[in-house]
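The values are calculated or read from the model by the stated rules, or taken from the named source; none is laboratory data. Every value quoted in this text rests on a predicted model; they were computed, and no experiment measured them. Cβ placement follows ideal geometry from the backbone for every residue including glycine, while neighbour counts extend to all protein chains displayed. SASA here: full protein model, heavy atoms, side chains in, ligands and nucleic acids out. Shrake-Rupley method; radii C 1.70, N 1.55, O 1.52, S 1.80 Å.
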Amino acid sequence: MSKTASTRFADGDQLEIGGCPVRLRVDGRARRISLRVDRAKSEVVALSPNPRRLNEAVAFAQEKAGWIAKQLAALPQRQSLAPGGLLRLNDRAYRLEVGPGRARIDGDRIVAPDDANWGLKVIRLAKREALTVLTERTAIHAAALGRPLPSVAIADPKARWGSCRPATSRAPAAIRYSWRLILAPAAVADYVAAHECAHLIEANHGPRFWALCEQLIGDPTPHRAWLRAHAAELHAIGA
């Protein structure tokens, strides 16, 4: 009996196969063992229809070690922010510089004090900008749908650009966005805001939901395609 066959694996386990990270996932909707690339997390996910077949998923990933290495090698390298570089926020490019005082936008520059947390301070500034811009877009789309402005928050999820909790008798509506949307084209970020606002009315992805999205921003297809194509680039940016 092979070591893989005798080992017990669990949903969410991360393995190293051929020097590459592989995450095990159980998906009850899956019909077969398969592999997919998680561009946001820079890892490959081995999917199994149920926990009993996780060993098969591991064995399949081991057979495809060459394919896994090739896919991960093609992903963008992590991009650390540094003085002298550029950072694009909401369709505008800013030069990154060192300067005294609080991290701030100064014309076409982003300036932050010279210390060990320089990059983190620039990220925090980007998050503030994201909250401001996405709150403004949410207010516009919610009003267009005849809904009050939900609470808006910023997070850094790895697999979603936004999430919506519609209002109930117990709690008001709330929307959370990935701060990284401020790094995307403004029209793409606006699409995500419209998408989440549509969920204030339709908590699904049925025809009526997509009709609401089109009502707010037109055809969402190019924006969705842009996010699929560039997700790894946005998630590669860090301090």
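Taking 31 Å as the limit for the C-alpha separation, the pairs Lys70/Lys158; Lys64/Lys121; Lys121/Lys158 exceed it in the case of Lys64/Lys121.
Directionally averaged projected area (the chain, Cα convex hull): 16.5 nm². Under the combined filter of DSSP loop state and at most 16 neighbouring Cβ atoms within 10 Å, the stretch 70-164 retains these trypsin sites (Lys or Arg not before Pro): Arg78, Arg102, Lys158, Arg160.
For the chain, the mean residue ellipticity at 222 nm estimated from helices alone is -11500 deg cm²/dmol, where every DSSP H run of n ≥ 4 contributes -39500 (n - 2.57) and the total is divided by all residues, rounded to the nearest 500. Hey, can you find the accessible area per residue of the stretch 1-119 for me, probe 1.4 Å, expressed in square angstrom? Here the per-residue accessible area is 62 Å². Of the beta bridges in the chain, as assigned by DSSP with both residues counted there, near 55 percent are antiparallel. Does anyone have the angle between helix 207-217 and the longest principal axis of the chain? Alpha-carbon axes, 0 to 90°, nearest 10? That works out to roughly 40 degrees. The spacing between the stretch 188-239 and the stretch 52-111, judged by their C-alpha centroids, is 21 Å.
Of the residues Phe9, Phe209, ranked by 1.4 Å probe accessible area with the largest first, the sequence reads Phe9, Phe209. Other residues whose C-beta falls under 15 angstrom from the C-beta of Leu227 contribute a net charge of +1, scoring Lys and Arg +1 and Asp and Glu -1. Thr221 contributes about 80 Å² of solvent-accessible surface, heavy atoms of the protein only, 1.4 Å probe.
Could you sort Val192, Val98 by accessible area so the largest value comes first, with the probe set to 1.4 Å?
Most to least solvent-accessible, the answer reads Val98, Val192.
Of His205, His199, the order by accessible heavy-atom surface (1.4 Å probe, DNA, RNA and ligands excluded), from most exposed downward, is His205, His199. Please work out whether the stretch 157-239 counts as rounded, prolate or oblate from its C-alpha gyration tensor, where a ≥ b ≥ c are the square roots of the eigenvalues and a/c under 1.5 means rounded, while otherwise a/b larger than b/c means prolate and anything else oblate? The shape class here is oblate.
Using Cβ point charges alone (K and R +1, D and E -1), the dipole size of the chain about the Cα centre works out to roughly 620 debye.
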